1. When you look at PRO134, is it modelled with pLDDT under 95, assigned by TED's automatic domain parsing to the domain that holds HIS176 and either exposed (fewer than 15 other Cβ atoms within 10 Å of the Cβ) or not aliphatic (A, V, I, L, M) (or both), yes or no?
2. For the condition surrounded by 18 or more Cβ atoms within 10 Å (Cβ to Cβ), of a type outside the set (Asp, Glu) and part of a helix (DSSP H, G or I), what is the one hit in LEU245, LEU279, LEU232?
3. Mind listing whichever residues of the stretch 249-265 are surrounded by fewer than 23 Cβ atoms within 10 Å (Cβ to Cβ) and in contact with a Gly (Cβ under 7 Å, 6 or more places away or on another chain)?
4. Out of everything in the stretch 74-121 that is of a type in the set (D, E, K, R) and over 22 Å from VAL45 (Cα atoms), what residue ends up being surrounded by the fewest Cβ atoms within 10 Å (Cβ to Cβ)?
5. Filter the stretch 137-152 down to the residues that are acidic (Asp, Glu) and within 14 Å of GLY188 (Cα to Cα), then identify the one that is surrounded by the most Cβ atoms within 10 Å (Cβ to Cβ).
6. Taking strands (runs of 3 or more DSSP E) that fall entirely within the stretch 110-209, which contain at least 2 residues that are among the aromatic types (Phe, Trp, Tyr)?
7. Before we move on, is GLY78 part of a loop (DSSP other than H, G, I, E, B) and under 21 Å from GLY263 (Cβ atoms)?
8. Within the group GLY192, GLY119, GLY164, which residue is in contact with a Phe, Trp or Tyr (Cβ under 8 Å, 6 or more places away or on another chain), closer than 23 Å to PRO264 by Cα and not β-branched (Val, Ile, Thr)?
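The values are calculated or read from the model by the stated rules, or taken from the named source; none is laboratory data. Only a predicted model underlies this, so the values are computations on that prediction, with no experimental measurement involved. Glycine also receives a Cβ, built like all others from the backbone with ideal geometry; neighbour counts cover every protein chain displayed.
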Amino acid sequence: MLEVFFHAVEDLDTKRGQPLHPRNATPLEMHFGHLLDTDPRSSYVADDHDRIIAFGIVYRRGHEAFLSFLFVEPSWQGRRIGRAVLDACIRGAGEGVERVSTCAEANQPVSTGLYAKLGMAPRTPIYLLRGGLPDDALPELPIDIERRPVTPEAVAAFDRELVGYVRPRDHAFWAHDRQGALFLDGAGSVLGYGYAHRSGRIGPVAAVTPAYLPGFIGYLVRITQVLEGRQLVIPGPAIAALQPLLDAGLRIDGTPAVYCSAGPGPAFERYVPMSFALL
(Lines give C-alpha, C1' and ligand atoms only; values in the text may rest on other atoms or scores of the structure.)
Protein backbone atom coordinates (compact mmCIF):
# COMPACT_ATOMS: atom_id res chain seq x y z
CA MET A 1 0.00 0.00 0.00
CA LEU A 2 2.84 2.37 0.80
CA GLU A 3 4.46 1.69 -2.57
CA VAL A 4 1.18 2.29 -4.43
CA PHE A 5 0.69 5.55 -2.56
CA PHE A 6 4.18 6.88 -3.25
CA HIS A 7 4.18 5.77 -6.89
CA ALA A 8 0.84 7.52 -7.50
CA VAL A 9 1.84 10.75 -5.74
CA GLU A 10 5.27 10.91 -7.38
CA ASP A 11 3.79 10.24 -10.82
CA LEU A 12 1.35 13.11 -10.31
CA ASP A 13 4.11 15.47 -9.15
CA THR A 14 6.24 14.54 -12.17
CA LYS A 15 3.38 15.26 -14.56
CA ARG A 16 2.90 18.65 -12.90
CA GLY A 17 6.60 19.46 -13.13
CA GLN A 18 6.92 19.62 -9.35
CA PRO A 19 9.88 18.32 -7.32
CA LEU A 20 9.39 15.00 -5.59
CA HIS A 21 8.92 15.16 -1.85
CA PRO A 22 10.93 12.89 0.45
CA ARG A 23 9.07 9.71 1.32
CA ASN A 24 7.79 9.88 4.88
CA ALA A 25 6.23 6.51 5.58
CA THR A 26 5.75 6.87 9.34
CA PRO A 27 2.54 9.01 9.34
CA LEU A 28 1.03 6.82 6.61
CA GLU A 29 1.81 3.63 8.51
CA MET A 30 0.19 5.21 11.56
CA HIS A 31 -2.98 6.04 9.62
CA PHE A 32 -3.09 2.67 7.85
CA GLY A 33 -2.62 0.74 11.06
CA HIS A 34 -5.39 2.53 12.92
CA LEU A 35 -7.93 2.42 10.12
CA LEU A 36 -7.23 -1.21 9.18
CA ASP A 37 -7.71 -2.04 12.84
CA THR A 38 -11.02 -0.20 13.20
CA ASP A 39 -12.45 -0.78 9.71
CA PRO A 40 -11.12 -3.97 8.12
CA ARG A 41 -14.41 -4.71 6.35
CA SER A 42 -14.31 -1.47 4.36
CA SER A 43 -10.63 -1.60 3.43
CA TYR A 44 -9.78 -3.27 0.11
CA VAL A 45 -6.87 -3.83 -2.24
CA ALA A 46 -6.82 -4.85 -5.90
CA ASP A 47 -4.03 -7.21 -6.89
CA ASP A 48 -2.52 -8.50 -10.09
CA HIS A 49 -0.91 -11.91 -9.48
CA ASP A 50 -0.37 -11.09 -5.79
CA ARG A 51 1.01 -7.61 -6.48
CA ILE A 52 -1.12 -4.83 -5.00
CA ILE A 53 -2.04 -2.31 -7.69
CA ALA A 54 -4.66 -0.24 -5.85
CA PHE A 55 -6.13 0.20 -2.39
CA GLY A 56 -8.91 2.05 -0.65
CA ILE A 57 -9.92 2.63 2.97
CA VAL A 58 -13.32 3.85 4.13
CA TYR A 59 -13.92 4.28 7.85
CA ARG A 60 -17.38 4.04 9.37
CA ARG A 61 -18.42 6.07 12.39
CA GLY A 62 -22.09 5.96 13.35
CA HIS A 63 -24.14 6.65 10.24
CA GLU A 64 -21.21 8.40 8.55
CA ALA A 65 -18.58 6.89 6.25
CA PHE A 66 -15.39 8.66 5.16
CA LEU A 67 -13.09 7.75 2.27
CA SER A 68 -9.61 8.15 3.73
CA PHE A 69 -7.48 6.72 0.91
CA LEU A 70 -7.98 5.69 -2.71
CA PHE A 71 -4.82 5.22 -4.79
CA VAL A 72 -4.01 3.29 -7.97
CA GLU A 73 -0.65 2.40 -9.50
CA PRO A 74 -0.01 4.83 -12.39
CA SER A 75 0.19 2.06 -15.02
CA TRP A 76 -3.26 0.83 -13.97
CA GLN A 77 -5.02 4.18 -13.85
CA GLY A 78 -7.84 4.82 -16.30
CA ARG A 79 -9.10 1.23 -16.20
CA ARG A 80 -11.85 1.76 -13.58
CA ILE A 81 -9.80 -0.09 -10.96
CA GLY A 82 -10.17 2.82 -8.54
CA ARG A 83 -13.94 2.88 -8.97
CA ALA A 84 -14.17 -0.87 -8.34
CA VAL A 85 -12.12 -0.57 -5.14
CA LEU A 86 -14.19 2.41 -4.00
CA ASP A 87 -17.44 0.52 -4.58
CA ALA A 88 -16.12 -2.43 -2.58
CA CYS A 89 -15.10 -0.16 0.30
CA ILE A 90 -18.49 1.54 0.41
CA ARG A 91 -20.28 -1.82 0.36
CA GLY A 92 -17.99 -3.00 3.12
CA ALA A 93 -19.05 -0.07 5.29
CA GLY A 94 -22.39 -1.85 5.64
CA GLU A 95 -26.03 -0.88 5.79
CA GLY A 96 -27.31 2.31 7.33
CA VAL A 97 -24.70 4.72 5.97
CA GLU A 98 -26.46 8.05 5.56
CA ARG A 99 -23.57 10.00 4.08
CA VAL A 100 -20.20 9.28 2.50
CA SER A 101 -17.60 12.03 2.41
CA THR A 102 -13.92 12.53 1.61
CA CYS A 103 -11.17 15.10 1.17
CA ALA A 104 -9.90 15.52 -2.40
CA GLU A 105 -7.03 17.61 -3.71
CA ALA A 106 -8.41 20.79 -5.24
CA ASN A 107 -6.22 20.38 -8.34
CA GLN A 108 -7.54 16.91 -9.18
CA PRO A 109 -10.76 17.70 -11.06
CA VAL A 110 -11.21 14.15 -12.37
CA SER A 111 -11.33 12.66 -8.88
CA THR A 112 -13.43 15.51 -7.56
CA GLY A 113 -15.87 15.06 -10.43
CA LEU A 114 -16.15 11.33 -9.71
CA TYR A 115 -16.89 12.00 -6.06
CA ALA A 116 -19.50 14.60 -6.99
CA LYS A 117 -21.27 12.07 -9.24
CA LEU A 118 -21.43 9.76 -6.24
CA GLY A 119 -23.07 12.47 -4.14
CA MET A 120 -19.91 13.85 -2.53
CA ALA A 121 -20.05 17.43 -3.77
CA PRO A 122 -17.07 19.77 -3.12
CA ARG A 123 -17.93 22.02 -0.17
CA THR A 124 -15.15 23.27 2.10
CA PRO A 125 -11.45 24.06 1.47
CA ILE A 126 -9.01 22.68 4.02
CA TYR A 127 -5.43 23.98 4.19
CA LEU A 128 -2.19 22.42 5.38
CA LEU A 129 -0.17 24.93 7.41
CA ARG A 130 3.49 24.44 8.28
CA GLY A 131 6.24 26.45 9.91
CA GLY A 132 7.74 27.65 13.13
CA LEU A 133 5.37 28.79 15.83
CA PRO A 134 6.78 30.62 18.87
CA ASP A 135 5.31 29.65 22.21
CA ASP A 136 3.95 33.15 22.75
CA ALA A 137 2.44 33.57 19.28
CA LEU A 138 -1.06 32.56 20.37
CA PRO A 139 -3.07 33.72 23.39
CA GLU A 140 -2.95 32.13 26.82
CA LEU A 141 -5.99 30.31 28.13
CA PRO A 142 -8.34 32.32 30.34
CA ILE A 143 -7.57 31.59 33.99
CA ASP A 144 -11.02 30.13 34.63
CA ILE A 145 -10.57 27.28 32.11
CA GLU A 146 -9.61 23.94 33.64
CA ARG A 147 -7.50 21.29 31.88
CA ARG A 148 -7.90 17.57 32.35
CA PRO A 149 -7.01 14.42 30.39
CA VAL A 150 -9.37 13.62 27.54
CA THR A 151 -11.66 10.63 28.08
CA PRO A 152 -14.06 9.26 25.45
CA GLU A 153 -16.91 9.37 27.93
CA ALA A 154 -16.36 13.04 28.73
CA VAL A 155 -16.46 14.12 25.06
CA ALA A 156 -19.08 11.70 23.68
CA ALA A 157 -21.96 14.20 23.69
CA PHE A 158 -19.66 16.95 22.44
CA ASP A 159 -18.43 14.83 19.52
CA ARG A 160 -21.95 13.80 18.60
CA GLU A 161 -22.90 17.46 18.29
CA LEU A 162 -19.64 18.46 16.57
CA VAL A 163 -19.10 15.74 13.98
CA GLY A 164 -22.29 13.68 14.23
CA TYR A 165 -20.96 10.55 15.96
CA VAL A 166 -18.97 9.28 18.93
CA ARG A 167 -15.46 7.91 18.33
CA PRO A 168 -13.89 6.31 21.40
CA ARG A 169 -11.37 4.25 19.42
CA ASP A 170 -10.14 7.35 17.62
CA HIS A 171 -9.60 9.10 20.95
CA ALA A 172 -7.68 6.06 22.21
CA PHE A 173 -5.52 6.26 19.08
CA TRP A 174 -4.85 9.97 19.54
CA ALA A 175 -4.10 9.59 23.25
CA HIS A 176 -1.60 6.78 22.63
CA ASP A 177 1.31 9.01 21.60
CA ARG A 178 -0.01 12.55 21.88
CA GLN A 179 -0.42 15.16 24.55
CA GLY A 180 -4.12 15.72 25.04
CA ALA A 181 -6.21 18.20 26.98
CA LEU A 182 -9.88 18.45 27.83
CA PHE A 183 -10.94 22.05 28.43
CA LEU A 184 -13.70 22.73 30.98
CA ASP A 185 -15.38 25.79 32.41
CA GLY A 186 -15.77 26.39 36.13
CA ALA A 187 -18.98 24.38 36.23
CA GLY A 188 -17.35 21.36 34.61
CA SER A 189 -18.95 21.77 31.20
CA VAL A 190 -16.86 20.76 28.20
CA LEU A 191 -15.51 23.70 26.20
CA GLY A 192 -13.42 21.59 23.84
CA TYR A 193 -10.39 19.37 23.56
CA GLY A 194 -7.17 19.02 21.61
CA TYR A 195 -4.14 16.85 20.88
CA ALA A 196 -0.54 17.57 19.93
CA HIS A 197 2.20 15.22 18.75
CA ARG A 198 5.94 15.55 19.36
CA SER A 199 6.45 15.61 15.57
CA GLY A 200 4.81 19.05 15.55
CA ARG A 201 1.40 17.90 14.32
CA ILE A 202 -1.50 19.49 16.17
CA GLY A 203 -5.03 18.15 15.93
CA PRO A 204 -7.75 17.42 16.27
CA VAL A 205 -8.73 20.53 18.19
CA ALA A 206 -12.38 21.29 18.90
CA ALA A 207 -14.19 24.13 20.66
CA VAL A 208 -17.74 25.06 21.58
CA THR A 209 -17.20 28.44 19.90
CA PRO A 210 -14.58 29.52 17.32
CA ALA A 211 -13.14 32.14 19.65
CA TYR A 212 -11.62 29.44 21.87
CA LEU A 213 -9.57 27.81 19.09
CA PRO A 214 -6.49 30.10 19.24
CA GLY A 215 -6.17 29.66 23.00
CA PHE A 216 -6.57 25.89 22.82
CA ILE A 217 -3.99 25.61 20.04
CA GLY A 218 -1.64 27.94 21.90
CA TYR A 219 -1.87 25.76 25.01
CA LEU A 220 -1.07 22.63 22.98
CA VAL A 221 1.93 24.38 21.42
CA ARG A 222 3.30 25.28 24.84
CA ILE A 223 2.98 21.77 26.32
CA THR A 224 4.77 19.99 23.44
CA GLN A 225 8.40 20.63 22.62
CA VAL A 226 9.40 19.85 19.03
CA LEU A 227 12.67 19.84 17.11
CA GLU A 228 11.27 21.41 13.98
CA GLY A 229 8.11 23.28 13.03
CA ARG A 230 4.41 22.79 13.55
CA GLN A 231 1.81 21.37 11.20
CA LEU A 232 -1.95 21.90 11.29
CA VAL A 233 -4.84 21.07 8.96
CA ILE A 234 -7.13 24.10 9.05
CA PRO A 235 -10.55 24.32 7.36
CA GLY A 236 -11.33 27.60 5.63
CA PRO A 237 -14.33 28.32 7.89
CA ALA A 238 -12.05 28.12 10.97
CA ILE A 239 -10.91 31.68 10.31
CA ALA A 240 -10.62 32.27 14.06
CA ALA A 241 -7.62 29.91 14.00
CA LEU A 242 -6.43 30.40 10.41
CA GLN A 243 -5.83 34.14 10.68
CA PRO A 244 -3.70 34.17 13.87
CA LEU A 245 -1.69 31.17 12.68
CA LEU A 246 -0.83 32.91 9.41
CA ASP A 247 -0.06 36.11 11.32
CA ALA A 248 2.28 34.08 13.57
CA GLY A 249 4.33 32.91 10.58
CA LEU A 250 2.83 29.62 9.44
CA ARG A 251 2.42 29.27 5.68
CA ILE A 252 -0.04 27.39 3.50
CA ASP A 253 1.78 24.38 2.07
CA GLY A 254 0.71 23.07 -1.32
CA THR A 255 -2.71 22.77 -2.85
CA PRO A 256 -5.63 22.74 -0.42
CA ALA A 257 -7.91 19.79 -0.06
CA VAL A 258 -11.65 20.09 -0.52
CA TYR A 259 -14.12 18.42 1.82
CA CYS A 260 -16.61 16.63 -0.43
CA SER A 261 -19.92 15.41 0.93
CA ALA A 262 -23.67 15.34 0.45
CA GLY A 263 -24.00 17.55 3.53
CA PRO A 264 -22.11 20.28 5.36
CA GLY A 265 -20.18 17.85 7.57
CA PRO A 266 -18.51 18.76 10.87
CA ALA A 267 -18.78 22.23 12.36
CA PHE A 268 -15.56 23.28 10.63
CA GLU A 269 -15.69 26.85 11.91
CA ARG A 270 -14.71 25.52 15.34
CA TYR A 271 -12.87 22.33 14.48
CA VAL A 272 -9.31 21.51 13.39
CA PRO A 273 -9.07 17.90 12.12
CA MET A 274 -6.11 15.62 12.70
CA SER A 275 -5.48 15.14 8.98
CA PHE A 276 -7.12 14.94 5.57
CA ALA A 277 -7.53 11.18 6.08
CA LEU A 278 -8.92 11.08 9.63
CA LEU A 279 -11.24 13.88 10.61
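1. yes
2. Values: LEU279 fails: part of a helix (DSSP H, G or I); LEU232 fails: part of a helix (DSSP H, G or I).
It is LEU245.
3. GLY249, ARG251, ALA262, listed by residue number.
4. By that ranking, first place goes to LYS117.
5. In the first step, residues of the stretch 137-152 are kept if they are acidic (Asp, Glu); the result is 140, 144, 146.
This time we only want the ones that are within 14 Å of GLY188 (Cα to Cα), so: 144, 146.
Working: ASP144: 8, GLU146: 14.
Per the criteria, the residue is GLU146.
6. Answer list for the stretch 110-209: 190-197.
7. No.
8. Answer to the check: GLY192.
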